[in-house]
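Some notes on the structure that comes next.
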Amino acid sequence: MKKTFTLLLFSSFCFMNAQGYKGKGDTKFDVGMNIQNGGSGIGLFLDFGSGENMSFGFVTSYLLSVNKDDIGNKPEFMDRFDAKARFNANLGNVLKLDPKMDIYPGLDLGLRNFGAHLGFRYFFTDGFGVYSEAGIPLAKYDTTPSGFDYLNNQFVFNIGASFNL
């Protein structure tokens with residue numbers, strides 16, 4: 001059931017109409033797979049262009065496949081869920097990359113930590129492309145995470161489809 005739901009959700013976003021990211025005023029939506037130690041899931045990213053090379057937005061993730069802990073407990077909803085506000089510096093044109101490419105470092109402030117990320121997007125058309133992003137926590141709210149608290153306090157890798165709305 002989880003795999004079917006994930007496939008349907010991903011497919012529904014693949015048929016959205018989109019146009020190219022031009023900077024201020026444009027909106028980018030990414031949907032992809034979240035891969036990390038102890039589980040994998042789905043991530044949804046929404047970024048709003050606030051300048052030629054800046055964007056801010058939100059990200060939410062939900063871990064679908066999570067291992068049980070050492071005692072055999074299964075994680076609850078809030079153990080799997082995370083939400084963050086983020087800021088990106090879109091450097092594709094600064095680095096004189098092909099207009100279809102963008103590299104973006106950024107910072108994020110979430111429910112569990114303050115972190116940084118580095119991502120890359122490649123657009124096949126004006127509105128559809130792929131992305132990959134890696135993120136790390138810089139400061140954890142709980143310095144000694146126990147139980148399932150480690151799930152959203154570690155290195156994470158995301159890969160998926162990118163849409164410009």
Point to revise | Cβ-derived FRET efficiency at R0 25 Å, PHE114 paired with SER146, nearest 0.05 | key: 0.80
**Study point:** Most to least accessible of PHE114, PHE163 (protein chains only, probe 1.4 Å)
**Key:** PHE114, PHE163
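Between ILE136 and PHE87, what length in nm is gained on full extension when 0.36 nm per residue of separation is reduced by their alpha carbon distance? Write out the running numbers ahead of the final one.
Values: separation 49, 0.36 × 49 = 17.64 nm, distance 1.45 nm.
Length gained, ILE136 through PHE87: 16.2 nm.
Too long at a 24 Å Cα-Cα cut-off: which of LYS68/LYS140; LYS28/LYS74; LYS84/LYS140; LYS28/LYS100; LYS28/LYS84? Don't skip to the end; give the middle numbers.
Working: LYS68/LYS140 22 Å; LYS28/LYS74 34 Å; LYS84/LYS140 13 Å; LYS28/LYS100 14 Å; LYS28/LYS84 16 Å.
Among LYS68/LYS140; LYS28/LYS74; LYS84/LYS140; LYS28/LYS100; LYS28/LYS84, the Cα-Cα distance tops 24 Å for LYS28/LYS74.
What are the trypsin sites (Lys or Arg not before Pro) within region 80-165 that DSSP puts in a loop, where the Cβ has at most 10 other Cβ atoms within 10 Å? Spell out each step's value before the answer.
Values: sites: ARG80, LYS84, ARG86, LYS96, LYS100, ARG112, ARG121, LYS140; in loops: LYS96, LYS100, ARG112.
Listed in order of number, the matching sites are LYS96.
The values are calculated or read from the model by the stated rules, or taken from the named source; none is laboratory data. Fair warning: this is a prediction, and the values are worked out from it, not measured in the lab. Note that we place each Cβ from the backbone using ideal geometry, even for glycine, and neighbour counts take in every protein chain shown. These area figures cover heavy atoms from the full protein model, side chains too; ligands, DNA and RNA do not enter into them. Shrake-Rupley method; radii C 1.70, N 1.55, O 1.52, S 1.80 Å.
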